[in-house]
Amino acid sequence: MSYHLLTGATGLLGRYLIKDLVQADIPVAVIVRPTRRASARHRMEAAMQYWEEQLGKCLPRPVVLEGDISEPDLGLDPRSLRWVSENCDTMLHNAASLTFYSTGPEAEPWRSNVEGTRHVLDLCRETGIQHFHHVSTAYVCGLRTGRILESELDVGQTPSNDYERSKIQAEQMVRSADFLKSLTVFRPAIIIGDAVNGYTTTYHGFYAPLSLITTLVSMEHRNETGHIYSSGRFRLEGFETKNLVPVDWVSAVMAYVVSHPQHHGQTYHLTPRIPITMRLFADVMEQATGWYGVNFLGPNAQIENMTEQEQMFHDLISIYNSYWRDDPTFDSTNTQTVAPHLPCPHVDRSMLLMMSEWARSVNFGTPRVKVSEPEFDTQKHFDPLVEAGAKLPVSEKLVEIGLDVTGHGGGQWRVEVSDGLVVGAAVGLAERCNATLHLDADTFATLIEGQTSAHQAVQAGRIRVTGRQTANDELLDILQQAARPLKARLGEQRTSPAPSDGASPREAG
């Protein structure tokens with residue numbers, strides 16, 4: 001049971017990937033950068049609590065490693081590096097900067113998209129990770145026209161901005177990594193919010209003009225109909241197309257491919273079958289904001305005597321000028337072949353209006369999720385046992401029992417047992433575990449507090465056992481031991497076996 005190591009877990013797509021991967025029973029570890037306000041674990045817990053509220057059920061917790069892709073070794077400390085080396089065999093590199101134009105080679109998007117990818121590859125080489133999933137973009141095609149094949153990358157195209165340049169360079173880098181056994185590349189088009197409820201945490205692409213127009217109309221006086229009529233002239237014809245894809249669909253296809261190894265090793269265009277036109281784009285902007293007056297003059301038109309509002313709009317949106325053109329046609333044969341059961345939802349007027357309403361309702365921000373402290377923090381309970389496990393000698397006599405505690409305050413551990421006694425623990429589950437016990441954090445808390453026994457919890461259906469290679473009574477006794485405070489447990493046990501044959505204490509996994 002090797003872990004998939006995910007970067008960019010707190011971004012929009014990363015949040016969906018976490019949800020979809022854990023529900024597909026893929027063991028996940030995440031590299032998360034702490035902020036001034038929140039620890040890495042706190043940030044991840046906010047995302048997990050959101051999903052539990054949406055889904056109405058407890059979810060497994062990923063292993064959270066504090067780090068930063070912009071730093072060598074991804075900023076991981078020595079213990080975390082050892083953990084990755086011992087527990088991870090797959091990298092899912094999703095972190096990226098969406099900065100279109102850079103201020104210099106040390107700035108974004110180069111820092112994240114190129115140097116960050118270099119650091120990720122260096123970590124994989126150092127820790128023995130040989131299976132790689134890379135999130136690129138369909139727009140590595142640059143200014144090409146016509147049909148773009150999934151098999152093509154560098155065909156001499158001209159990139160239209162620094163973002164595209166950096167993503168081309170990053171994809172070239174991972175393709176040249178000769179130590180990888182398999183490389184799967186995902187190229188999504190322009191990602192928008194959730195197709196069902198409009199949820200998003202980022203506001204690029206489609207959302208940029210929507211946000212700008214919303215701001216501009218707030219400074220104007222509406223007429224008796226509640227609308228604003230003002231000239232908005234553009235060097236487009238209206239039939240130009242853009243490829244928008246809902247984030248939940250992108251994640252669903254990626255999670256399906258990741259969880260089915262027979263589909264690894266290919267490149268997937270995650271693009272819609274039917275792109276939207278700029279005419280529809282403009283209609284949605286008008287209806288969503290109440291600002292009317294878009295006129296498409298054609299690409300060669302001269303726009304003279306701009307109004308103040310027109311000039312302000314064109315100036316502020318100029319960073320996206322390279323995208324105000326007709327998209328090429330993206331071939332998606334690989335995607336349609338492996339995931340015909342996951343068709344891309346049709347992005348139409350009603351969906352875009354729903355997306356617009358969501359963005360405007362939260363003022364183009366990230367809805368804050370108030371993360372409460374768990375009533376019982378299983379990690380704090382296990383920290384002393386993990387420290388004890390780190391001091392144990394390497395021994396083939398140790399039996400490992402997996403413990404998957406879902407829900408707020410949960411996590412995953414391997415409880416280490418010698419002669420029927422719990423002597424330590426390590427972070428994460430593993431295939432070598434004799435069995436794995438699955439329960440939620442509330443159930444584990446009742447065991448800690450003595451409100452119920454492991455046997456009673458099993459009888460009530462609150463504990464599930466998988467991979468059973470140990471007698472049921474013995475498993476429940478081990479769980480009961482693991483639920484006792486460390487001091488009490490050590491007081492009941494014999495002295496742990498001393499290292500033999502020169503064995504040295506090991507670091508906890």
**OP:** Answer yes if at least one residue in region 225-234 is among the basic types (K, R) and either touching a Gly at 6+ places or on another chain (Cβ under 7 Å) or assigned to a loop (DSSP other than H, G, I, E, B) (or both), and no otherwise.
**Re:** no
Original post:
What's the number of the condition H4 fails, among (1) more than 11 Å from the chain's Cα centre (by Cα); (2) under 24 Å from T436 (Cβ atoms); (3) assigned to a helix (DSSP H, G or I)?
Top reply: (3)
Original post:
Of all the residues that make up region 288-305, how many are exposed (fewer than 15 other Cβ atoms within 10 Å of the Cβ) and touching a residue at least 60 places away in the same chain (Cβ under 8 Å)?
Top reply: 7
Subject >> S102 being touching a helix residue (DSSP H, G or I) at 6+ places or on another chain (Cβ under 6 Å), modelled with pLDDT under 95 and either not in a loop (DSSP other than H, G, I, E, B) or not assigned by TED's automatic domain parsing to the domain that holds H408 (or both) >> reply: yes
**OP:** Would you confirm whether any residue within region 445-452 is farther than 17 Å from H381 by Cα and in contact (Cβ under 8 Å) with a residue 12 or more places away in the chain?
**Re:** no
Subject >> Checking S182 against (1) crowded, with 18+ Cβ neighbours inside 10 Å; (2) in contact with a Gly (Cβ under 6 Å, 6 or more places away or on another chain), the condition it does not meet >> reply: (1)
**OP:** Taking the options L21, L81, L12, L92, name whichever one is crowded, with 16+ Cβ neighbours inside 10 Å, at pLDDT 95 or above and in contact with an Asp or Glu (Cβ under 8 Å, 6 or more places away or on another chain).
**Re:** L81
**OP:** Scan region 417-428 and give yes if some residue there is touching a Phe, Trp or Tyr at 6+ places or on another chain (Cβ under 6 Å), assigned to a helix (DSSP H, G or I) and within 30 Å of R43 (Cβ to Cβ), otherwise no.
**Re:** no
**OP:** Filter region 453-476 down to residues that are assigned to a loop (DSSP other than H, G, I, E, B) and free of Cβ contacts under 8 Å to residues at least 12 places away in the same chain and give me whichever is farthest from K57 (Cα to Cα).
**Re:** A471
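Could you go through region 192-199 and let me know if any residue there is closer than 28 Å to L121 by Cα and in the same structural domain as H134 (by TED's automatic domain parsing).
Looking through region 192-199, none of the residues is closer than 28 Å to L121 by Cα and in the same structural domain as H134 (by TED's automatic domain parsing).
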**OP:** Taking the options P34, P60, name whichever one is over 20 Å from Y3 (Cα atoms), under 17 Å from the mean Cα position of the chain (by Cα) and assigned to a loop (DSSP other than H, G, I, E, B).
**Re:** P34
Subject >> Residues being farther than 14 Å from V63 by Cα, buried (at least 22 other Cβ atoms within 10 Å of the Cβ) and of a type outside the set (V, I, T) - total across region 403-431 >> reply: 3
**OP:** Being over 14 Å from D20 (Cα atoms), among the acidic types (D, E) and touching a Leu at 6+ places or on another chain (Cβ under 8 Å) is the filter here, so list the residues in region 48-89 that pass it.
**Re:** E66, D68, D73
**OP:** Residue by residue through region 376-412, note down the ones that are part of a strand (DSSP E or B), under 25 Å from E45 (Cα atoms) and without any contact (Cβ under 8 Å) to a residue 60 or more places away in the chain.
**Re:** none
Original post:
Going by the structure shown, is V347 surrounded by 15 or more Cβ atoms within 10 Å (Cβ to Cβ), touching a residue at least 12 places away in the same chain (Cβ under 8 Å), among the β-branched types (V, I, T) and farther than 30 Å from S251 by Cβ?
Top reply: no
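Just to check your reading of the model, which residue among H227, H221 is more than 18 Å from R349 (Cα to Cα), touching a residue at least 40 places away in the same chain (Cβ under 8 Å) and not hydrophobic (A, V, I, L, M, F, W, C)?
Answer to the selection: H227.
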Subject >> Residues of region 53-64 classified as within 16 Å of A9 (Cα to Cα) and touching a residue at least 40 places away in the same chain (Cβ under 8 Å), total >> reply: 5
**OP:** Could you check how many residues of region 65-78 are touching a helix residue (DSSP H, G or I) at 6+ places or on another chain (Cβ under 8 Å) and surrounded by fewer than 23 Cβ atoms within 10 Å (Cβ to Cβ)?
**Re:** 7
Subject >> Verdict on T337 being of a type in the set (S, T, Y), over 27 Å from T215 (Cα atoms) and surrounded by fewer than 15 Cβ atoms within 10 Å (Cβ to Cβ) >> reply: yes
Original post:
Could you say whether any residue in region 204-219 is of a type in the set (F, W, Y), modelled with pLDDT of 95 or more, at negative phi and under 19 Å from the mean Cα position of the chain (by Cα)?
Top reply: no
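The values are calculated or read from the model by the stated rules, or taken from the named source; none is laboratory data. Because the structure is predicted, anything quoted here is derived from the model rather than measured. Ideal geometry is used to build each Cβ from the backbone, glycine not excepted, and the neighbour counts take in all protein chains shown.
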